[in-house]
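These notes concern the structure reproduced below.
Please treat every number below as a calculation from the coordinates, not as lab data. Note that the structure is a prediction, hence the values are computed from the model and not measured. Cβ: placed from backbone, ideal geometry, glycine included. Neighbour counts: every protein chain shown.
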Amino acid sequence: MELLIPLVIAAVLMVFLVISTVRIVPQARRYNVERFGRYRTTLQPGLNFVVPVADRINTKLDVREQVYSSDPRPVITEDNLVVNIDTVLYYQITDPRAAAYEVADYLQAIDQLTVTTLRNVIGSMDLEQTLTSREEINTRLRTVLDDATGKWGIRVNRVEIKAIDPPSTIKEAMEKQMRAERDKRAAILHAEGDRQSKILTAEGTRQQQILEAQGAREASILRADGEAKAVDLVFKSVHRNDADPKVLAYKYLETLPELAQSGNTFWVIPGELTQAVRTITEAFSRDTGPGAPVDEAGAEEVAQSLEGEKSTRELTSGDQLAMDAESAADQAVKDARAAVSSAKAEAEAAEAGKR
């Protein structure tokens, strides 16, 4: 029993020594080992052995790419405006020994170096350039940080500006400017649309007027061609049938109502009117000469026709044109009746002479 206790103690010590000798390092991790307070080596991922009591692990570092977001920091621009800028850093530990022994706190060192570099870069730009030159600022920040952190065993992969917050008064002014620009663009677009609409409307009206004018021209040509053919047919018909002066004079008198209805306020009675009446009178006189039968029905028909023309003229007696037409019709009726009376008297005298 007395020998069992020392054996148990020796076994426990052996197990402790074995456990203290073996170190398992996870993937993407690096352990810095010190022997009696002095750096000895960096353990790589996997199974590693150290000397118990003499060796101890000082720092455990993650060599994966890390993301560090800084708090907003005030920065003064070239035009003396204070803007708050916060950044995001993407870095990676490339030398665990340097990261552990070259700088006390590499995150604080990177943060302070970022603020200093930002103030230097933004101080040479005005607000407009600061808001529109993020890529340039990122590139300059990365260059400065990568050069400074290289000796610390850290590589800065990317630097991104997360936000740039100008003062509230500047924000209001920028919003007003943006609103004014948008209103200006809207007014320009509206004016352009109105102009284009007017141009298209004018083009449509012009095309419509052109088409209407072409249609009216073609209609006038066709109408004139039809009238010419009608006149030609009438002319040929008159000459082909060899119409005597009585018919022509009667047709001339028939056109008087149409002349009266033409809408003219001043109407001149042509000299051919009396000639037409004289022609009709002479025609009746020749037909009722000695030995010729008196065509009282024809004379009465002419008188009735002239009376009808007189009635037509009476319908338009309200204006000067109707009064002139009425006077011409009355004169024609009187001449026709006088011719008929003269023809009857000559016929009766001829009949008495025969007896």
- Task: Starting from the amide H of THR41, placed 1.01 Å from N in the peptide plane, find each other amide H under 5 Å away whose residue is 5 or more places distant or on another chain.
- Result: VAL33
- Task: Place +1 on the Cβ of every Lys and Arg and -1 on the Cβ of every Asp and Glu in the range 1-114, take the dipole about the Cα centre, and give the residue among LEU47, THR94, VAL18 whose Cα lies farthest towards its positive end.
- Result: VAL18
- Message: Please list log₁₀ I(q)/I(0) at q = 0.14, 0.16, 0.20 Å⁻¹ for the range 64-137, using the Debye equation with identical point scatterers on the alpha-carbon positions.
- Response: -0.53, -0.65, -0.87
- Hey, got the dipole for the range 112-199? About the Cα centre, +1 on K and R Cβ, -1 on D and E Cβ, debye to the nearest 20? 160 debye
- In the range 1-120, what is the volume of the convex hull around the alpha carbon atoms, normalised per residue and reported in Å³? 132 Å³
- Could you rank the peptides 159-168, 84-93, 21-30 by their average count of other C-beta atoms within 10 Å per residue, with the highest value first? 84-93, 159-168, 21-30
- Message: Going by average Cβ density within 10 Å per residue, which order do the peptides 72-82, 220-230 take, highest to lowest?
- Response: 72-82, 220-230
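Can you tell me the dipole magnitude for the range 46-106 around its Cα centre, using point charges on the Cβ only (Lys, Arg +1; Asp, Glu -1), in Debye to the nearest 20?
On the way: 5 positive and 10 negative charges, 84 e Å.
Dipole size: approximately 400 debye.
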- Query: Could you list, bin by bin from short to long, the percent of Cα-Cα pairs of the range 4-62 in 5 Å steps?
  - Reply: 4, 19, 23, 19, 14, 9, 6, 4, 1, 0
